[in-house]
Amino acid sequence: MTLSDSADAPVNEVVLEAVGLTKHFPVRKRLRDLLTRTTAAVHAVDDVSFVLRRGQVTALVGESGSGKSTVARLLAQLHPRTAGDLLLHGRSTRVRGGRAFRAYVRRVQLILQDPFASLNPVHTIRYHLTRSLRIHGNAGRSAEDLDKALADLLTRVSLTPPERYLDAFPHELSGGQRQRVAIARALGADPEVLLADEPVSMLDVSIRLGVLNLLRDLKERLDLAILYITHDIASARYFADDTIVMYAGRMVEGGDSETVTKNPAHPYTRLLIESAPDPDRITGAGDAADVGGAADADRGHGEPPSLISPPSGCRFHPRCPHAMPRCTVELPPRHDIGDRPGHWAACWLYDPATVTAEGPGSAAPDADPSVPPPPALIRQDGTASVGDAR
């Protein structure tokens, strides 16, 4: 692809694939641990596998500390992986710097969460974009070519007229404008993959939708593969084609975004969705019996586990209202839910043996009449409720 609109690119081609990605950060030993041979480590990411396809957005959703940003940095090869593999167009890749790293980041670009921190405050927007174009060989051969490329980048991210922004400093722009500059800088490499690490969480609610619409437009025009990292599962339904839910470093559910958010299977996914703003809860509409009563009061209490010594079995079992003895000792594999193709959950509730022993349908959380359905994430007029489900 070039900075002009892409064409003739294979639809839904797998561009980047994570296979069993694992990252453990060693913990510095204390004085009393010096005589031990074991080294403690933070299990930030364990056995994460998914694909990024051209022209599609994959959302990675979870609360703070679930390992989402670590996954993005592993895909950007800013952290060496402990285990697993990373396939770019089907070929295993591992780079540690130099020309190989530059060739890799020309195809895989990372957009960070805070645009003010990611831009050097002592340099102008012209400097940031020019540096990106020149490093990746897209600045042209003359000053006229460079000026045209700069204007094209700013036009692509809807910062017009370009002359108004080129000689401005980051502190002279609003948060949304700075994030658009960060996106333009990433586009200066002419990438195939954008790793967007919570790109709208630092922005005002009123301008989040504009940035998401910009990324969607770029995806469609340039056939980009986008990884959208967020803790806001409502915006994932609005923006992403597929959604993957992470908890304590592990993937717990995945599928197309509408199915995952409308018919969540894993108890943790239900907890995330119920944390989204709900007008009925805000106004107090409905009594306790309508929203689950006392049974709902025990759902999801507690804190995320320590990743230095994570729980055995399912990592969500200390907080899960449906936990069984099996959940505390055995790690659940992926189980197909069966409602839509590709919808899966890593939960023993959907193990065929559990369903057979307890009766058809009894394993699913939806079968419990005391558990309320997830709140609507799309308003009646069709617009998205892009809230902040923290």
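The values are calculated or read from the model by the stated rules, or taken from the named source; none is laboratory data. What you see is a predicted model, and the numbers here were worked out from it, not measured in a lab. Neighbour counts run over all protein chains shown; Cβ positions are idealised from the backbone, glycine included.
Only a single criterion out of (1) in contact with a Phe, Trp or Tyr (Cβ under 9 Å, 6 or more places away or on another chain); (2) at pLDDT below 90; (3) over 25 Å from H24 (Cβ atoms) is not satisfied by H335, namely (2). Of the residues H79, H89, the single one that is in contact with a helix residue (DSSP H, G or I) (Cβ under 8 Å, 6 or more places away or on another chain) and not hydrophobic (A, V, I, L, M, F, W, C) is H79. P311 fulfils the conditions (1) over 23 Å from D256 (Cβ atoms); (2) at pLDDT 90 or above; (3) in a helix (DSSP H, G or I) except for a single criterion, (3).
Of the listed requirements (1) more than 25 Å from H343 (Cβ to Cβ); (2) at pLDDT 95 or above; (3) of a type outside the set (A, V, I, L, M, F, W, C), R53 misses just one: (1).
Quick check, is Y165 assigned to a helix (DSSP H, G or I), among the aromatic types (F, W, Y) and touching a Leu at 6+ places or on another chain (Cβ under 7 Å)?
Working: assigned to a helix (DSSP H, G or I): yes; among the aromatic types (F, W, Y): yes; touching a Leu at 6+ places or on another chain (Cβ under 7 Å): yes.
Taking the combined requirement at face value, the residue satisfies it.
Selection of first residues in segment 58-87 that are under 20 Å from A236 (Cα atoms) and of second residues that are basic (K, R) and part of a loop (DSSP other than H, G, I, E, B), restricted to Cβ pairs under 9 Å at least 6 apart or on distinct chains, gives the following pairs, ordered by first then second residue: E63/R390; S64/R390. In this structure, is G140 within 12 Å of P115 (Cα to Cα) and either hydroxyl-bearing (S, T, Y) or not assigned by TED's automatic domain parsing to the domain that holds A225 (or both)? So G140 fails the test.
Determine if segment 111-121 includes at least one residue that is free of Cβ contacts under 8 Å to residues at least 12 places away in the same chain and either on the phi > 0 side of the Ramachandran plot or surrounded by fewer than 14 Cβ atoms within 10 Å (Cβ to Cβ) (or both).
Within segment 111-121, the first condition is being free of Cβ contacts under 8 Å to residues at least 12 places away in the same chain, and the residues that meet it are 117.
Next, only the ones that are either on the phi > 0 side of the Ramachandran plot or surrounded by fewer than 14 Cβ atoms within 10 Å (Cβ to Cβ) (or both) stay: 117.
Looking for residues that are free of Cβ contacts under 8 Å to residues at least 12 places away in the same chain and either on the phi > 0 side of the Ramachandran plot or surrounded by fewer than 14 Cβ atoms within 10 Å (Cβ to Cβ) (or both), one finds at least one in segment 111-121, hence yes.
Kindly establish whether L215 is of a type outside the set (G, A, S) and either within 23 Å of T243 (Cβ to Cβ) or touching a strand residue (DSSP E or B) at 6+ places or on another chain (Cβ under 6 Å) (or both). Yes.
For (1) aromatic (F, W, Y); (2) under 21 Å from the mean Cα position of the chain (by Cα); (3) outside the structural domain of S66 (by TED's automatic domain parsing), each residue gets a yes or a no:
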site: A149; (1), (2), (3): no, no, yes
site: P170; (1), (2), (3): no, no, yes
site: G175; (1), (2), (3): no, yes, yes
site: V181; (1), (2), (3): no, yes, yes
site: R185; (1), (2), (3): no, yes, yes
site: P199; (1), (2), (3): no, yes, no
site: L215; (1), (2), (3): no, yes, no
site: I226; (1), (2), (3): no, yes, no
site: H231; (1), (2), (3): no, yes, no
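Inside segment 153-168, residues that are surrounded by fewer than 22 Cβ atoms within 10 Å (Cβ to Cβ) and either over 28 Å from the mean Cα position of the chain (by Cα) or among the small types (G, A, S) (or both) make up a count of 9. Please work out which one of (1) modelled with pLDDT under 95; (2) buried (at least 18 other Cβ atoms within 10 Å of the Cβ); (3) of a type in the set (A, V, I, L, M, F, W, C) is the condition L227 fails and give its number. It is condition (1) that L227 fails. No other residue among L75, L87, L133 is assigned by TED's automatic domain parsing to the domain that holds D167 and either of a type in the set (K, R) or modelled with pLDDT of 95 or more (or both) apart from L133. If I filter segment 217-242 down to residues being touching an Asp or Glu at 6+ places or on another chain (Cβ under 8 Å) and among the hydrophobic types (A, V, I, L, M, F, W, C), which single residue comes out as farthest from L271 (Cα to Cα)? In this case the residue turns out to be L222. Starting from residues that are over 21 Å from N120 (Cβ atoms) and of a type in the set (V, I, T), keep the ones in segment 147-170 and report whichever is modelled with the highest pLDDT. Going through the qualifying residues, I end up with T155. There is at least one residue in segment 183-201 that is crowded, with 22+ Cβ neighbours inside 10 Å, part of a loop (DSSP other than H, G, I, E, B) and hydrophobic (A, V, I, L, M, F, W, C).
Applying the selection to segment 92-103, what residues are surrounded by 14 or more Cβ atoms within 10 Å (Cβ to Cβ), closer than 24 Å to H24 by Cα and out of contact with any helix residue (DSSP H, G or I) (no Cβ under 6 Å at 6 or more places or on another chain)? Let's see the steps before the verdict.
So in segment 92-103, the residues surrounded by 14 or more Cβ atoms within 10 Å (Cβ to Cβ) come out as 93, 95, 101-102.
Keeping just the survivors that are closer than 24 Å to H24 by Cα gives 93, 95, 101.
Answer for segment 92-103, where residues must be surrounded by 14 or more Cβ atoms within 10 Å (Cβ to Cβ), closer than 24 Å to H24 by Cα and out of contact with any helix residue (DSSP H, G or I) (no Cβ under 6 Å at 6 or more places or on another chain): T93, F101.
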